[in-house]
1. Need pairs with beta-carbon distance below 8 Å; first residue in contact (Cβ under 8 Å) with a residue 12 or more places away in the chain and within the stretch 52-63, second among the acidic types (D, E); sequence gap 6+ or separate chains.
2. Of the residues that sit in the stretch 324-351 and are of a type in the set (D, E, K, R) and surrounded by fewer than 24 Cβ atoms within 10 Å (Cβ to Cβ), which one is farthest from V369 (Cα to Cα)?
3. Given the conditions (1) within 21 Å of the chain's Cα centre (by Cα); (2) crowded, with 21+ Cβ neighbours inside 10 Å, report the number of the one that P89 does not fulfil.
4. Would you check if L76 is surrounded by fewer than 23 Cβ atoms within 10 Å (Cβ to Cβ) and modelled with pLDDT of 85 or more?
5. Give S115, S175, S131, S143 a once-over and let me know the one that is part of a helix (DSSP H, G or I) and at pLDDT below 85.
6. Which number in (1) modelled with pLDDT under 85; (2) closer than 30 Å to A354 by Cα marks the one condition that F165 misses?
7. Residues being without any contact (Cβ under 8 Å) to a residue 60 or more places away in the chain and surrounded by fewer than 18 Cβ atoms within 10 Å (Cβ to Cβ): count how many of those fall in the stretch 267-287.
8. How many residues does the stretch 16-33 hold that are over 14 Å from A151 (Cα atoms) and either modelled with pLDDT under 80 or among the hydrophobic types (A, V, I, L, M, F, W, C) (or both)?
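The values are calculated or read from the model by the stated rules, or taken from the named source; none is laboratory data. Keep in mind that what you see is a predicted model, and the values were worked out from it rather than measured. Virtual Cβ from ideal backbone geometry, glycine too; neighbours counted across all protein chains shown.
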Amino acid sequence: MKKQISLKSVLPVLFGFWVMGFADVIGISVTYAKEEFSWSETQAGFLPFMVFFWFLFLSVPVASLMNRIGRKNTVLFSMLFTFVGMALPYFLFNEWACYFAFALLGIGNTFLQVSLNPLVSNVIDGSLLTSTLTAGQLIKAISAFVGPLLAAFCSLQLGNWEMMFLIYAGITLLSTIWLYMTTIEKEVVNNRATSSIGSTFQLLKDRRILILFFGIICVVGLDVGMNTVTPKLLMTRLDLAKEVAGYGTSWYFAARTFGAFLGVLILTKLSERTYFAINMLVALLALIGLIFSFSYTGILMWVCLIAFCAAGIFSVIYSLALRIQPDRANEISGLMITGVSGGAVIPLLMGVAADCSGSLIGSLLILGVCIVYLLICSFRTEAKFK
């Protein structure tokens, strides 16, 4: 029997994706912090590492916790870490405070991504899950699009870019209150032995889940990597100021927003495998174009095309994974969100590659590896997930 969809329940859940999008401000934050603290590329690469590192170690334990306290309570708990992390820079902001604030943001985002995606299934019928999750990614993309604009506004009009974190703290508080006051269908609390951390990792013995797990690593690594490298390309190749180069990140998120919006519509008509394969093939060609582009228009064109193609892929991979064993959705969610740690690993590898090669070409080649794997994954989808 299908669930009756209630906007009173759906809207506060979907608004949580706006808070989830705060992690994407890491791209423009790297640009500002690198200049403010005179960091090397490798040092700057540690900032996204502090955000996404926690996904590797906390996602599965959070899934186990979610089985005990419920999805809604886990989402509310995530908001606490996010609020504290976003409020901290207003009171103290130096190199270590910057790292610590983003670490708290990463911890909160880990809790949020593990619990918010399954919470959607509490308020939306399963037949609409993929398109609804893609709609959530659309909201997340809009939030990410606003981030660089907000950073530039705070830098130019309010005197320092870190004032944006106080605004984020206020939005987080609003989201917390709204969700807390919302009645959501109570899920069954699960204390089975099968929800243990060890048994969750045993899910990787299923090759279908293993393939999708590495797909999550690559798609998040691609997204965060493009987020961080875009303003750097504009600054190094065109000698633009950081505030102007930061708009390149907004272009990236604008294209990702548009891609997520169309993805919601396309996925109602086109198979997930076809959508996945076509998007990754185009993204690979766009990355090749980006490597050889040295004009403002050219760089933005290829960056936007990659963003457009990558926009809906996370939702496709995630929903495919949930359908493999629906009765273990919480555990699979925790496992898949562990793959978000790709947002820590890939930018760090990009920074090392850039320092070793002496140019950003090294960073772009790392992104190329991610796209190639996703392209391979898309073709494996046809054989493995029918």
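1. Within 8 Å, the pairs are V60/E331; A63/E331.
2. This residue is D327.
3. Tallying (1) within 21 Å of the chain's Cα centre (by Cα); (2) crowded, with 21+ Cβ neighbours inside 10 Å, P89 fails exactly one: (1).
4. Considered against the rule, which asks whether it is surrounded by fewer than 23 Cβ atoms within 10 Å (Cβ to Cβ) and modelled with pLDDT of 85 or more, L76 comes out as yes.
5. S131
6. Single failed check for F165: (1).
7. Residues meeting the conditions: 7.
8. Within the stretch 16-33, residues that are over 14 Å from A151 (Cα atoms) and either modelled with pLDDT under 80 or among the hydrophobic types (A, V, I, L, M, F, W, C) (or both) number 4.
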